[in-house]
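A.B. asks: The structure is given below, and queries will be raised subsequently.
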Amino acid sequence: MTWQALGALAVAVVAGCASGPKWPDAPLSVAAHSLPPFEIHEECAQLLPGDRFEFAFESSEPVHFNIHYHQGNAVLLPISRDRTRAEAGIFPVVLAQDYCAMWEAGPAGAAIDYRLRIRRAGAG
């Protein structure tokens, strides 16, 4: 790779980073995320007591959906839905943890549209 090509790549990377705030500082909206059969996809963020984790999604096929966190060797699922095509809600955070929204496709796979947002404690 030439120095010119490396320079162009560096500019592209910096431009990509400068395109605006990224999750979890701004809502995360994703359209038509492809989920192959039996695969999972998750989006994670560190949340603090008093934060609210807003979530909404629609799926082309039924998926297993949860919001979870890890405590030692245990995986705790405060929200869990089986074989659903759509869910929306607000999860009020009580414990400081890294929380993940996770989707798992069934045998047909799925395409999911989702929106996630964190409302920080004390923020309007």
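A.B. asks: Ignoring ligands, DNA and RNA, what percent of the 1.4 Å accessible area of the stretch 48-87 is carbon and sulfur? Write out the running numbers ahead of the final one.
C.D. replies: Values: 1040 of 2280 Å².
Carbon plus sulfur share of accessible area: 46 percent.
A.B. asks: Using the Karplus curve 6.51 cos²θ - 1.76 cosθ + 1.60 with θ = phi - 60°, work out ³J(HN,Hα) for each residue of the stretch 87-100 in order, rounded to whole Hz, and write x for Gly and Pro.
C.D. replies: 8, 7, x, 10, 9, x, 7, 10, 10, 5, 7, 8, 9, 10
A.B. asks: Still on this structure, I have one more. Which net charge results for the neighbourhood of residue 75, defined as the other residues with beta-carbon distances under 15 angstrom from its beta-carbon, given Lys and Arg at +1 and Asp and Glu at -1? Show your work: numbers first, answer last.
C.D. replies: On the way: positive: none; negative: 42, 98, 104.
Cβ neighbours under 15 Å give a net charge of -3.
A.B. asks: What does the charge count around residue 84 come to, taking other residues whose C-beta lies under 12 Å from its C-beta (Lys +1, Arg +1, Asp -1, Glu -1)?
C.D. replies: On the way: positive: 81, 83, 85; negative: 58, 61, 82, 87, 104.
Neighbour charge sum, excluding residue 84 itself: -2.
A.B. asks: Considering only protein heavy atoms, what is the solvent-accessible area of residue 61 at a probe of 1.4 Å, reported in Å² to the nearest 10?
C.D. replies: Here the accessible area works out near 60 Å².
A.B. asks: Rounded if a/c is under 1.5, else prolate if a/b is larger than b/c, else oblate: which is the stretch 46-124, with a ≥ b ≥ c the root eigenvalues of its Cα gyration tensor? Spell out each step's value before the answer.
C.D. replies: Details: a/c = 2.98, a/b = 1.53, b/c = 1.95.
Verdict is oblate for the stretch 46-124.
A.B. asks: Let me ask another. Grab the other residues whose beta carbon is less than 14 angstrom from that of residue 56, score K and R as +1, D and E as -1, and report the net.
C.D. replies: Numbers: positive: 52, 81, 85, 115, 117, 119; negative: 43, 54, 58, 87, 113.
Local charge sum for residue 56: +1.
The values are calculated or read from the model by the stated rules, or taken from the named source; none is laboratory data. Since the structure is predicted, the reported quantities are computational estimates derived from the model, not experimental observations. Note that we place each Cβ from the backbone using ideal geometry, even for glycine, and neighbour counts take in every protein chain shown. The accessibility values were calculated without ligands, DNA or RNA, using every heavy atom of the protein model including side chains. Shrake-Rupley method; radii C 1.70, N 1.55, O 1.52, S 1.80 Å.
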